[in-house]
Amino acid sequence: MYPDYPLPADEPDRQRDLERYGVLDSPDDTHFDRLVRLASTVLETPIALISLIDKNRQWFLARHGLDITETPREQAFCAHTITEGEPLVVPDARTDPRFCSNPLVLGEPGVRFYAGAPLASPDGHNLGSLCVIDRQPRRLSAAQVKLLQDLADLVVRELELRRQTSLCPLTGLANRMSFLEQGQRELDRALRDGDPMALLLIDIDQFSTINNRWGHQTGDELLNAVAEVCRSQRRPRDLVGRMRDDAFAILMVDTGQDAALERSEAIRCGIADLQGTLSGGPGLQVSGGLTELSPSDQRIEDLLARAGQALLLAQSSGQPHQIARLVHETMPGPMQSASAEPALLSGQSGHGRRGDDPDPASAP
């Protein structure tokens, strides 16, 4: 196995900063594609990449001259770049002890030359790099290295602009407009390919009362805690958004009914377990509405409306911590039975699923 990769001293904070941009596993973006084409052209290399270093992989936000979308982190030259405070230049990887046995050098794409400039966020964390690659050994002049860093700075500016316009500034989740835009793309793909999809809507009960009684700082703490639970259950290509002040949506891509029920229960338990971690103040109660993609759906708003109806079913019971499931417009159904009433998924204590609570895995 190829040797392990170096870890930056700020790795936990760096990873959290990266996740707040919300771009991992996102669709191709013309702005970033344009920047890698420009880097390839002006530095005269066949390959240029915007590489983001995730926990166990490097993922390419944009790529030119290379078809793959990610590699294991231990193979990433850019995993070394993010530990540096300046661009990393490797004239010939075959003679560099850090990379001479790298599978990307010994096999495809046959990396010889590499130069990467770190993508430093405003908080000072290196998220990844803008890099150029050649299959022949070569060098860069000081002016070319400076140009590469200037282009990397443009990438960060574009990331910041995207974050400011498409993400909730408090939670770092997709805002409503961004969720609808990205969600529609995923819905179109799922309908085209015949893949399953589910949507869970989570609402914090009586959130305005919490804000009025305990203050907005407590409300913000609560929102961030719930957002983190939702984010922790996110899989690649899933979408998590803050839809309004007190509501979150989780679009579960390539997820059928059984998996959606299981993941909804995990989110419910995770939120219920927050009761013992929030700093004093209010008790936390949430309700949820779950639905799955129907062949008749044409817009992401169709799923949101149906999940909203299921949410109202859960809230109308007057009991805390419930998730109701709506199969389609005319067939409401709870997670635990075939009746129109939503099923109780946690007890009044709010700490996870009790032994006598129904198991969502047994839902029809």
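The values are calculated or read from the model by the stated rules, or taken from the named source; none is laboratory data. On a predicted model such as this, the values are computed, not experimentally measured, just so you know. In this analysis, Cβ positions are derived from the backbone assuming ideal geometry, glycine residues included, and neighbour counts consider all displayed protein chains.
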- prompt: Yes or no: Glu228 at pLDDT 90 or above and not aliphatic (A, V, I, L, M)?
  reply: yes
task: Just give me the residues in region 15-51 being under 23 Å from the mean Cα position of the chain (by Cα) and under 22 Å from Val89 (Cβ atoms), in sequence order.
output: Leu35, Val36, Leu49, Ile50, Ser51
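The rows are residues; the columns are (1) surrounded by 15 or more Cβ atoms within 10 Å (Cβ to Cβ); (2) under 22 Å from the mean Cα position of the chain (by Cα); (3) part of a strand (DSSP E or B); (4) outside the structural domain of Ile323 (by TED's automatic domain parsing).
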{"site": "Ala198", "(1), (2), (3), (4)": "yes, yes, yes, no"}
{"site": "Asp203", "(1), (2), (3), (4)": "yes, yes, yes, no"}
{"site": "Asn212", "(1), (2), (3), (4)": "no, no, no, no"}
{"site": "Leu222", "(1), (2), (3), (4)": "yes, yes, no, no"}
Residue that is hydrophobic (A, V, I, L, M, F, W, C), part of a helix (DSSP H, G or I) and surrounded by fewer than 13 Cβ atoms within 10 Å (Cβ to Cβ), where the choices are Leu161, Leu154: Leu161
message: Quick check on region 41-60. Is at least one of its residues within 21 Å of Asp4 (Cβ to Cβ), at pLDDT 95 or above and loosely packed, with under 15 Cβ neighbours inside 10 Å?
response: no
statement: Restricting region 75-106 to residues that are in a helix (DSSP H, G or I) and in contact with a helix residue (DSSP H, G or I) (Cβ under 8 Å, 6 or more places away or on another chain), the one farthest from Trp59 (Cα to Cα) turns out to be Arg94
message: I need a count of the residues in region 8-31 that are in a loop (DSSP other than H, G, I, E, B) and touching a residue at least 24 places away in the same chain (Cβ under 8 Å).
response: 11
field: Cross-chain or 6+ apart pairs with Cβ under 8 Å, region 51-64 first and touching a residue at least 60 places away in the same chain (Cβ under 8 Å), then acidic (Asp, Glu)
entry: Gln58/Glu70; Leu61/Asp29
query: Somewhere in region 110-121, is a residue touching a Pro at 6+ places or on another chain (Cβ under 7 Å), in contact (Cβ under 8 Å) with a residue 40 or more places away in the chain and over 21 Å from Arg14 (Cβ atoms)?
result: yes
field: Odd one out for Arg37 among (1) touching a helix residue (DSSP H, G or I) at 6+ places or on another chain (Cβ under 7 Å); (2) at pLDDT 90 or above
entry: (1)
